[in-house]
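The next block holds one structure in the form of C-alpha coordinates; read it before the comments.
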Amino acid sequence: MPMTVAAFGAVSASDPLVPMTIERRDPGPRDVRIKIRYAGICHSDIHTVREEWRPITFPQVVGHEIVGEVEAVGSEVTRHRVGDRVGVGCLVNSCRECEPCRAGLEQYCTGGGVGTYASVDRDGTITQGGYSTHIVVDEHFVLRLPEAIPYERAAPLLCAGITPYSPLRHWKIGPGSKVAVVGMGGLGHMGVKFAAALGAEVTVLSHTLSKREDGLAFGAQEYAATSDPETFTRFRGHFDFMLSTISTGFDLDAYLSLLGLGGTLVSIGMPPEPLSVRAGSLSRWKSFASSGIGGIPETQEMLDFCAEHGIAPEVELIAAEQINEAYERVVASDVRYRFVIDVATL
Ligand SMILES: [Zn+2]
Ligand SMILES: [Zn+2]
(Lines give C-alpha, C1' and ligand atoms only; values in the text may rest on other atoms or scores of the structure.)
(Ligands and ions follow the chains in the order given, each with its own letter.)
Protein backbone atom coordinates (compact mmCIF):
# COMPACT_ATOMS: atom_id res chain seq x y z
CA MET A 1 0.00 0.00 0.00
CA PRO A 2 1.47 3.40 -0.95
CA MET A 3 1.80 5.73 2.01
CA THR A 4 -0.12 9.04 2.06
CA VAL A 5 2.10 11.73 3.56
CA ALA A 6 1.79 15.41 4.46
CA ALA A 7 3.51 17.86 2.12
CA PHE A 8 3.58 21.51 1.09
CA GLY A 9 3.40 22.13 -2.61
CA ALA A 10 2.30 24.14 -5.63
CA VAL A 11 -1.07 23.81 -7.34
CA SER A 12 -0.23 26.25 -10.13
CA ALA A 13 2.61 28.48 -11.28
CA SER A 14 0.98 31.59 -9.81
CA ASP A 15 -0.71 30.53 -6.55
CA PRO A 16 1.13 30.38 -3.21
CA LEU A 17 2.26 26.94 -2.03
CA VAL A 18 -0.32 25.14 0.14
CA PRO A 19 -0.51 22.13 2.48
CA MET A 20 -1.41 18.94 0.59
CA THR A 21 -0.87 15.19 0.71
CA ILE A 22 1.12 13.04 -1.71
CA GLU A 23 1.70 9.31 -2.07
CA ARG A 24 5.01 7.57 -1.49
CA ARG A 25 5.56 4.10 -2.97
CA ASP A 26 6.22 1.08 -0.78
CA PRO A 27 9.96 0.57 -0.51
CA GLY A 28 11.12 -1.84 -3.25
CA PRO A 29 14.00 -4.28 -2.58
CA ARG A 30 16.63 -1.55 -2.97
CA ASP A 31 14.65 1.37 -1.58
CA VAL A 32 15.03 3.30 1.64
CA ARG A 33 12.11 5.15 3.23
CA ILE A 34 13.27 8.29 5.00
CA LYS A 35 11.43 10.26 7.67
CA ILE A 36 12.41 13.78 6.63
CA ARG A 37 13.52 16.12 9.43
CA TYR A 38 14.64 19.23 7.49
CA ALA A 39 14.47 20.46 3.90
CA GLY A 40 16.37 23.43 2.47
CA ILE A 41 14.90 25.99 0.09
CA CYS A 42 16.90 26.32 -3.15
CA HIS A 43 16.27 29.04 -5.75
CA SER A 44 15.74 26.17 -8.24
CA ASP A 45 12.62 25.20 -6.25
CA ILE A 46 11.17 28.64 -6.95
CA HIS A 47 12.14 28.67 -10.65
CA THR A 48 10.52 25.24 -10.99
CA VAL A 49 7.14 25.87 -9.33
CA ARG A 50 6.80 29.24 -11.06
CA GLU A 51 7.53 27.51 -14.39
CA GLU A 52 10.35 29.97 -15.06
CA TRP A 53 12.45 27.22 -16.64
CA ARG A 54 9.85 24.97 -18.28
CA PRO A 55 6.21 23.87 -17.93
CA ILE A 56 5.60 21.29 -15.18
CA THR A 57 2.72 19.06 -14.04
CA PHE A 58 0.78 20.22 -10.96
CA PRO A 59 0.38 19.57 -8.10
CA GLN A 60 4.14 19.62 -7.50
CA VAL A 61 6.15 19.33 -4.29
CA VAL A 62 9.73 20.59 -4.57
CA GLY A 63 12.82 20.48 -2.33
CA HIS A 64 16.14 18.76 -3.08
CA GLU A 65 18.07 19.46 0.09
CA ILE A 66 16.76 16.71 2.32
CA VAL A 67 17.96 15.21 5.61
CA GLY A 68 16.27 12.76 7.92
CA GLU A 69 16.45 9.26 9.29
CA VAL A 70 15.92 5.88 7.73
CA GLU A 71 12.54 4.48 8.74
CA ALA A 72 12.32 1.34 6.57
CA VAL A 73 14.57 -0.50 4.11
CA GLY A 74 13.93 -3.01 1.30
CA SER A 75 15.15 -6.60 1.55
CA GLU A 76 18.28 -6.05 -0.59
CA VAL A 77 19.46 -2.77 0.95
CA THR A 78 23.02 -3.01 2.26
CA ARG A 79 24.22 0.60 2.59
CA HIS A 80 21.72 1.95 5.12
CA ARG A 81 19.95 0.72 8.24
CA VAL A 82 16.83 1.82 10.10
CA GLY A 83 17.72 4.79 12.31
CA ASP A 84 20.68 6.01 10.18
CA ARG A 85 21.06 9.77 9.60
CA VAL A 86 20.90 10.29 5.86
CA GLY A 87 20.54 12.89 3.13
CA VAL A 88 19.12 13.11 -0.39
CA GLY A 89 20.13 15.77 -2.89
CA CYS A 90 19.14 16.70 -6.42
CA LEU A 91 19.18 13.19 -7.91
CA VAL A 92 17.08 10.13 -7.10
CA ASN A 93 17.85 7.92 -10.08
CA SER A 94 20.01 7.48 -13.19
CA CYS A 95 20.68 4.77 -15.77
CA ARG A 96 23.66 3.27 -13.85
CA GLU A 97 25.11 2.03 -17.15
CA CYS A 98 26.51 4.96 -19.09
CA GLU A 99 30.13 6.04 -18.80
CA PRO A 100 29.47 8.96 -16.40
CA CYS A 101 27.26 6.74 -14.17
CA ARG A 102 29.94 4.05 -14.01
CA ALA A 103 32.46 6.75 -13.06
CA GLY A 104 30.23 7.99 -10.20
CA LEU A 105 29.26 11.11 -12.15
CA GLU A 106 25.52 10.43 -12.05
CA GLN A 107 24.81 14.15 -12.45
CA TYR A 108 26.07 13.88 -16.03
CA CYS A 109 24.17 10.64 -16.84
CA THR A 110 23.59 10.38 -20.59
CA GLY A 111 20.91 7.70 -20.22
CA GLY A 112 18.44 9.89 -18.31
CA GLY A 113 19.20 11.08 -14.78
CA VAL A 114 16.13 11.67 -12.61
CA GLY A 115 15.82 14.83 -10.54
CA THR A 116 14.36 14.69 -7.02
CA TYR A 117 11.30 16.64 -8.15
CA ALA A 118 9.41 17.51 -11.33
CA SER A 119 11.19 14.73 -13.24
CA VAL A 120 9.77 11.60 -14.83
CA ASP A 121 11.11 8.68 -12.78
CA ARG A 122 12.12 5.45 -14.46
CA ASP A 123 8.71 3.97 -13.46
CA GLY A 124 6.89 6.80 -15.28
CA THR A 125 5.73 8.73 -12.19
CA ILE A 126 6.60 12.41 -11.58
CA THR A 127 9.06 12.78 -8.72
CA GLN A 128 7.96 14.80 -5.66
CA GLY A 129 10.54 16.53 -3.49
CA GLY A 130 11.43 17.10 0.11
CA TYR A 131 8.84 19.55 1.47
CA SER A 132 7.10 16.43 2.81
CA THR A 133 7.30 14.16 5.82
CA HIS A 134 8.68 11.11 3.98
CA ILE A 135 10.45 10.13 0.77
CA VAL A 136 11.32 6.76 -0.75
CA VAL A 137 14.63 6.63 -2.65
CA ASP A 138 16.87 3.92 -4.12
CA GLU A 139 19.70 3.36 -1.62
CA HIS A 140 22.32 4.30 -4.22
CA PHE A 141 21.13 7.92 -4.07
CA VAL A 142 20.98 8.12 -0.27
CA LEU A 143 24.01 9.71 1.45
CA ARG A 144 25.33 9.03 4.95
CA LEU A 145 25.10 12.12 7.12
CA PRO A 146 27.98 12.21 9.65
CA GLU A 147 27.02 12.82 13.31
CA ALA A 148 29.34 15.84 13.47
CA ILE A 149 27.08 17.90 11.16
CA PRO A 150 24.12 19.35 13.08
CA TYR A 151 20.85 18.05 11.62
CA GLU A 152 19.17 21.43 11.24
CA ARG A 153 22.12 22.90 9.33
CA ALA A 154 22.92 19.89 7.14
CA ALA A 155 20.19 20.04 4.49
CA PRO A 156 21.65 22.80 2.27
CA LEU A 157 24.83 20.77 1.80
CA LEU A 158 22.93 18.47 -0.56
CA CYS A 159 22.69 21.20 -3.23
CA ALA A 160 24.28 24.47 -2.07
CA GLY A 161 27.20 22.49 -0.63
CA ILE A 162 28.05 20.04 -3.38
CA THR A 163 27.60 22.61 -6.17
CA PRO A 164 30.62 24.76 -5.18
CA TYR A 165 32.55 21.79 -3.76
CA SER A 166 32.64 19.79 -7.01
CA PRO A 167 34.40 22.40 -9.20
CA LEU A 168 36.86 23.27 -6.40
CA ARG A 169 37.88 19.59 -6.35
CA HIS A 170 37.78 19.14 -10.14
CA TRP A 171 40.20 22.07 -10.60
CA LYS A 172 42.33 20.79 -7.71
CA ILE A 173 42.13 23.88 -5.52
CA GLY A 174 44.47 23.72 -2.55
CA PRO A 175 47.29 25.51 -0.75
CA GLY A 176 48.76 28.21 -3.00
CA SER A 177 45.59 28.62 -5.09
CA LYS A 178 44.35 32.19 -5.41
CA VAL A 179 40.58 31.84 -5.52
CA ALA A 180 37.83 34.41 -6.01
CA VAL A 181 34.28 33.56 -5.00
CA VAL A 182 31.89 35.87 -6.84
CA GLY A 183 28.63 36.44 -4.96
CA MET A 184 27.93 35.73 -1.28
CA GLY A 185 24.59 33.93 -1.28
CA GLY A 186 23.72 30.32 -0.47
CA LEU A 187 26.28 28.85 -2.91
CA GLY A 188 28.88 31.58 -2.45
CA HIS A 189 29.12 31.39 1.33
CA MET A 190 29.75 27.64 1.06
CA GLY A 191 32.30 28.25 -1.72
CA VAL A 192 34.23 30.51 0.67
CA LYS A 193 34.16 27.95 3.50
CA PHE A 194 35.27 25.08 1.24
CA ALA A 195 38.00 26.99 -0.59
CA ALA A 196 39.42 28.24 2.71
CA ALA A 197 39.32 24.73 4.25
CA LEU A 198 41.14 23.38 1.16
CA GLY A 199 43.95 25.82 1.95
CA ALA A 200 43.37 28.40 -0.79
CA GLU A 201 43.80 32.16 -0.44
CA VAL A 202 40.21 33.36 -0.84
CA THR A 203 38.83 36.70 -1.98
CA VAL A 204 35.12 37.42 -2.05
CA LEU A 205 33.87 39.64 -4.85
CA SER A 206 30.40 40.79 -3.93
CA HIS A 207 28.23 43.62 -5.24
CA THR A 208 28.64 45.58 -2.00
CA LEU A 209 30.60 45.22 1.23
CA SER A 210 27.46 44.51 3.30
CA LYS A 211 28.45 40.90 4.08
CA ARG A 212 32.17 41.61 4.53
CA GLU A 213 32.34 40.59 8.21
CA ASP A 214 30.67 37.28 7.39
CA GLY A 215 32.99 36.61 4.45
CA LEU A 216 36.09 37.15 6.57
CA ALA A 217 34.60 34.97 9.35
CA PHE A 218 33.99 32.19 6.79
CA GLY A 219 37.69 32.19 5.88
CA ALA A 220 38.22 34.82 3.17
CA GLN A 221 41.36 36.98 3.36
CA GLU A 222 39.97 39.76 1.20
CA TYR A 223 36.54 41.11 0.40
CA ALA A 224 35.97 43.59 -2.39
CA ALA A 225 32.95 45.26 -3.98
CA THR A 226 32.29 44.71 -7.68
CA SER A 227 30.29 47.95 -7.70
CA ASP A 228 33.65 49.72 -7.21
CA PRO A 229 35.58 49.95 -10.55
CA GLU A 230 38.83 50.06 -8.54
CA THR A 231 38.28 46.36 -7.66
CA PHE A 232 38.80 45.44 -11.35
CA THR A 233 42.08 47.36 -11.43
CA ARG A 234 43.36 46.07 -8.13
CA PHE A 235 42.82 42.36 -8.90
CA ARG A 236 43.68 42.44 -12.61
CA GLY A 237 45.42 39.15 -13.58
CA HIS A 238 45.40 38.04 -9.94
CA PHE A 239 43.34 34.83 -9.62
CA ASP A 240 44.05 31.19 -10.59
CA PHE A 241 40.42 30.25 -10.19
CA MET A 242 37.13 32.10 -9.97
CA LEU A 243 33.85 30.57 -8.87
CA SER A 244 30.91 32.67 -10.04
CA THR A 245 27.50 32.25 -8.43
CA ILE A 246 25.97 35.18 -10.35
CA SER A 247 22.53 34.16 -11.59
CA THR A 248 21.82 37.06 -13.96
CA GLY A 249 23.73 38.36 -16.97
CA PHE A 250 27.17 39.83 -16.20
CA ASP A 251 30.19 41.30 -17.96
CA LEU A 252 32.16 38.14 -18.58
CA ASP A 253 35.08 39.98 -20.21
CA ALA A 254 35.53 42.15 -17.10
CA TYR A 255 35.64 39.14 -14.79
CA LEU A 256 37.98 37.18 -17.10
CA SER A 257 40.43 40.10 -16.87
CA LEU A 258 40.94 39.18 -13.20
CA LEU A 259 42.34 35.74 -14.11
CA GLY A 260 46.07 35.14 -14.37
CA LEU A 261 47.84 32.97 -16.95
CA GLY A 262 45.95 29.68 -17.47
CA GLY A 263 43.26 30.64 -14.96
CA THR A 264 39.70 29.31 -15.04
CA LEU A 265 36.38 31.02 -14.38
CA VAL A 266 33.64 28.53 -13.52
CA SER A 267 30.01 29.61 -13.42
CA ILE A 268 27.80 27.68 -11.01
CA GLY A 269 25.12 30.36 -11.24
CA MET A 270 22.95 29.78 -14.29
CA PRO A 271 22.00 33.11 -15.88
CA PRO A 272 19.06 32.42 -18.21
CA GLU A 273 20.31 34.87 -20.85
CA PRO A 274 23.32 34.11 -23.12
CA LEU A 275 26.66 35.59 -22.01
CA SER A 276 28.95 37.14 -24.58
CA VAL A 277 32.71 36.95 -24.55
CA ARG A 278 35.51 38.38 -26.69
CA ALA A 279 37.96 35.65 -27.71
CA GLY A 280 40.79 37.96 -26.67
CA SER A 281 39.51 37.85 -23.08
CA LEU A 282 40.44 34.16 -23.08
CA SER A 283 43.98 34.64 -24.36
CA ARG A 284 46.78 33.74 -21.96
CA TRP A 285 45.24 30.20 -21.83
CA LYS A 286 42.25 31.29 -19.80
CA SER A 287 39.13 29.10 -19.65
CA PHE A 288 35.46 29.65 -18.99
CA ALA A 289 33.52 26.61 -17.78
CA SER A 290 30.42 25.57 -15.88
CA SER A 291 29.66 22.83 -13.40
CA GLY A 292 26.49 21.29 -11.98
CA ILE A 293 26.03 19.60 -8.56
CA GLY A 294 28.18 16.48 -8.07
CA GLY A 295 27.96 12.69 -8.29
CA ILE A 296 27.05 10.43 -5.40
CA PRO A 297 30.62 9.48 -4.38
CA GLU A 298 31.73 13.12 -4.42
CA THR A 299 28.64 14.23 -2.47
CA GLN A 300 29.55 11.68 0.21
CA GLU A 301 33.15 12.94 0.16
CA MET A 302 31.85 16.51 0.65
CA LEU A 303 29.72 15.49 3.66
CA ASP A 304 32.69 13.70 5.22
CA PHE A 305 34.89 16.76 4.48
CA CYS A 306 32.36 18.99 6.31
CA ALA A 307 32.40 16.69 9.34
CA GLU A 308 36.21 16.61 9.37
CA HIS A 309 36.60 20.39 9.03
CA GLY A 310 33.63 21.48 11.15
CA ILE A 311 31.90 23.11 8.18
CA ALA A 312 28.15 23.70 8.02
CA PRO A 313 25.93 26.16 6.16
CA GLU A 314 24.49 29.22 7.89
CA VAL A 315 20.73 28.78 7.99
CA GLU A 316 17.47 30.44 8.99
CA LEU A 317 15.05 27.80 10.30
CA ILE A 318 11.43 28.32 9.32
CA ALA A 319 8.06 26.60 9.77
CA ALA A 320 6.08 25.33 6.78
CA GLU A 321 3.65 28.25 6.96
CA GLN A 322 6.56 30.64 6.28
CA ILE A 323 7.60 29.02 2.98
CA ASN A 324 5.81 31.52 0.72
CA GLU A 325 7.30 34.46 2.60
CA ALA A 326 10.73 32.78 2.43
CA TYR A 327 10.37 32.49 -1.36
CA GLU A 328 9.91 36.26 -1.63
CA ARG A 329 13.00 36.79 0.50
CA VAL A 330 15.10 34.36 -1.59
CA VAL A 331 14.10 36.21 -4.74
CA ALA A 332 15.13 39.48 -3.03
CA SER A 333 18.47 37.89 -1.90
CA ASP A 334 17.38 38.60 1.69
CA VAL A 335 18.59 35.47 3.50
CA ARG A 336 21.70 34.61 5.47
CA TYR A 337 22.34 32.21 3.89
CA ARG A 338 19.79 29.45 3.36
CA PHE A 339 16.24 28.84 4.54
CA VAL A 340 15.62 25.43 6.06
CA ILE A 341 12.12 24.11 6.72
CA ASP A 342 11.52 22.26 9.98
CA VAL A 343 9.47 19.42 8.46
CA ALA A 344 7.89 18.62 11.86
CA THR A 345 5.77 21.76 11.25
CA LEU A 346 4.11 20.32 8.13
ZN1 LIG B 1 19.31 23.34 -5.62
ZN1 LIG C 1 23.80 7.04 -16.72
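The values are calculated or read from the model by the stated rules, or taken from the named source; none is laboratory data. Remember, predicted model here, so these are calculated numbers, not experimental data. Virtual Cβ from ideal backbone geometry, glycine too; neighbours counted across all protein chains shown.
Where strands (runs of 3 or more DSSP E) fall wholly inside region 36-101, the ranges with 1 or more residues that are away from ligand 2 (no atom under 16 Å from the Cβ) and more than 21 Å from Thr125 (Cβ to Cβ) are 66-73, 85-88. Within region 91-116, how many residues turn out to be touching a helix residue (DSSP H, G or I) at 6+ places or on another chain (Cβ under 7 Å) and within 16 Å of ligand 1 (Cβ to nearest atom)? The qualifying residues number 4. Taken over region 147-172, the criterion of being surrounded by 24 or more Cβ atoms within 10 Å (Cβ to Cβ) and of a type in the set (A, V, I, L, M) is satisfied by Ala154, Ala155, Leu157, Leu158, Ala160, Ile162, Leu168.
Out of the residues in region 246-265 that are assigned to a loop (DSSP other than H, G, I, E, B) and of a type in the set (Gly, Ala, Ser), which is nearest to Ser166 (Cα to Cα)? Don't jump to the end; show me each part of the working.
Initially, region 246-265 is screened for residues assigned to a loop (DSSP other than H, G, I, E, B), giving 246-251, 257-258.
Among the residues that remain, those that are also of a type in the set (Gly, Ala, Ser) are: 247, 249, 257.
Details: Ser247: 18, Gly249: 23, Ser257: 24 Å.
Of everything passing the filter in region 246-265, Ser247 is nearest to Ser166 (Cα to Cα).
Of all residues in region 1-33, exactly one satisfies the criterion of being hydrophobic (A, V, I, L, M, F, W, C) and modelled with pLDDT under 95, namely Met1. Within region 78-89, residues that are under 12 Å from Asp138 (Cβ atoms) sit with their Cβ atoms under 9 Å from residues that are of a type in the set (A, V, I, L, M) and in a loop (DSSP other than H, G, I, E, B), at 6+ positions apart or across chains, in these pairs: Arg79/Val142; His80/Val142; Val88/Val142. Here the condition is being farther than 23 Å from Gly74 by Cβ, of a type in the set (A, V, I, L, M, F, W, C), more than 21 Å from the chain's Cα centre (by Cα) and assigned by TED's automatic domain parsing to the domain that holds Arg79; of Val32, Val18, it holds for Val18 alone. For beta carbons closer than 8 Å, sequence separation of 6+ or different chains, a first residue in region 98-115 that is among the hydrophobic types (A, V, I, L, M, F, W, C) and a second that is assigned to a loop (DSSP other than H, G, I, E, B) and more than 8 Å from ligand 2 (Cβ to nearest atom), the qualifying pairs are Ala103/Gly295; Leu105/Gly295; Val114/Asp121; Val114/Arg122; Val114/Thr127.
Scanning region 150-172 for residues that are farther than 30 Å from Tyr131 by Cα and in contact with a strand residue (DSSP E or B) (Cβ under 6 Å, 6 or more places away or on another chain) yields a total of 1.
Report yes if Leu143 is under 18 Å from the mean Cα position of the chain (by Cα), in contact (Cβ under 8 Å) with a residue 24 or more places away in the chain, within 16 Å of ligand 2 (Cβ to nearest atom) and surrounded by 15 or more Cβ atoms within 10 Å (Cβ to Cβ), otherwise no.
Criteria not met by Leu143.
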